Every structure is written in structure tokens, then in C-alpha cells.
Amino acid sequence: MSLDVSPQLLAEAENSEVREQDFMETVRRSLPYAYNLIARLAEELRSTTAEFADNHTPPPSEKERGQLLRALSSDAIRGSLESHFGITLAFQNCHRVAAFRPEARGGATHTRFTSPRAQILNQSPEFRDC
């Protein structure tokens with residue numbers, strides 16, 4: 001399961017729309033490694049004039065890697081993280097996630113980062129099992 005959903009939030013979802021802040025709190029509690037990594041990248045991006053901020057450090061264990069993969073593979077979670085932090089996310093492998101400014105989506109740097117060429121150039125044998 002991707003998220004540890006409280007009985008209260010489940011009941012809310014069964015009866016009406018879920019408030020974004022409640023969903024983000026569930027993501028933060030359920031996927032702390034992924035949430036904190038993306039929060040750090042968003043803060044790094046805001047504090048510089050760089051076109052993007054990205055992570056090159058592998059997660060400390062498979063548990064954390066799983067959190068990151070679950071967060072980025074779910075449209076709802078990924079979209080909510082982007083909205084919450086005011087960023088656009090791009091993902092290349094088991095841990096190389098990048099935060100871009102929303103207006104950069106589709107621009108030259110974002111397109112280069114998300115291209116098949118960049119994906120191939122960012123591969124190495126240690127990524128094959130992730």
C-alpha cells in the first residue's frame with residue numbers, strides 16, 4: 001500500500017472530496033523520505049537562480065527507495081506534491097528526481113532532462129535492479 005490512510009480520511013473520501021491539506025498530511029506521514037526529499041529540493045530551488053535542483057544521492061535503503069518510487073509513480077501523489085511545493089517534478093531513475101519551476105515545464109532544460117538521451121546517459125549497472 002502506498003499510503004497509511006486514517007479511518008477518518010477514508011470516511012471523508014467515501015462521502016465527499018478529500019481536502020488537499022489532509023491528503024498532503026497523509027503523504028507526509030506515509031512517505032516521509034519522499035516528502036522530505038522533495039521539500040528539500042523545492043527549498044533549494046527557491047533559494048537559488050538555478051534552473052532546477054536535483055538529487056544524486058541514493059536512498060539509504062530499499063524502504064526509502066520504495067517511498068520515492070510510490071510517490072512519483074502515482075499521479076495523485078505526484079501532482080499534489082507539485083502543487084503543494086509549487087514545482088514541477090522530473091524523474092530519471094531510482095533516485096534522481098529534480099524540481100523545476102512550473103514555468104520551466106516544456107522548456108529547453110526540462111525537455112533535455114526528461115529526454116530519452118538523458119535517460120540513457122543517466123544509467124549505470126547499479127540502477128538496473130531498482
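The values are calculated or read from the model by the stated rules, or taken from the named source; none is laboratory data. The model shown is predicted, which means the values in this text are computed figures rather than measured ones. So basically every Cβ, Gly included, is an ideal-geometry build from the backbone, and we count neighbours across all protein chains shown. Note: areas computed on protein heavy atoms with side chains; ligands, DNA, RNA excluded. Shrake-Rupley method; radii C 1.70, N 1.55, O 1.52, S 1.80 Å.
Figure legend. Inter-residue proximity from segment 101-115: first residues touching a residue at least 24 places away in the same chain (Cβ under 8 Å), second residues surrounded by 12 or more Cβ atoms within 10 Å (Cβ to Cβ) and among the acidic types (Asp, Glu), beta-carbon distance below 7 Å, spacing 6+ or different chains. Indicated pairs: 104/51; 109/51.
Reported count of residues in segment 21-62, each being part of a strand (DSSP E or B) and not aliphatic (A, V, I, L, M), is 2. Looking only at residues of segment 72-82 that are under 10 Å from the mean Cα position of the chain (by Cα) and small (Gly, Ala, Ser), we find that the one that is surrounded by the most Cβ atoms within 10 Å (Cβ to Cβ) is 80. Summed over segment 38-66, residues that are among the basic types (Lys, Arg) and in contact (Cβ under 8 Å) with a residue 60 or more places away in the chain total 1. Close contacts from segment 8-37, counting a first residue that is open to solvent by 90 Å² or more (accessible area, probe 1.4 Å) and a second that is part of a loop (DSSP other than H, G, I, E, B), with Cβ to Cβ under 7 Å and a gap of 6+ residues or different chains, come to 29/4. Output yes when any residue across segment 56-71 is touching a Lys or Arg at 6+ places or on another chain (Cβ under 9 Å), within 18 Å of residue 114 (Cβ to Cβ) and open to solvent by 40 Å² or more (accessible area, probe 1.4 Å), and no when none is. Scanning segment 56-71 turns up at least one residue that is touching a Lys or Arg at 6+ places or on another chain (Cβ under 9 Å), within 18 Å of residue 114 (Cβ to Cβ) and open to solvent by 40 Å² or more (accessible area, probe 1.4 Å).
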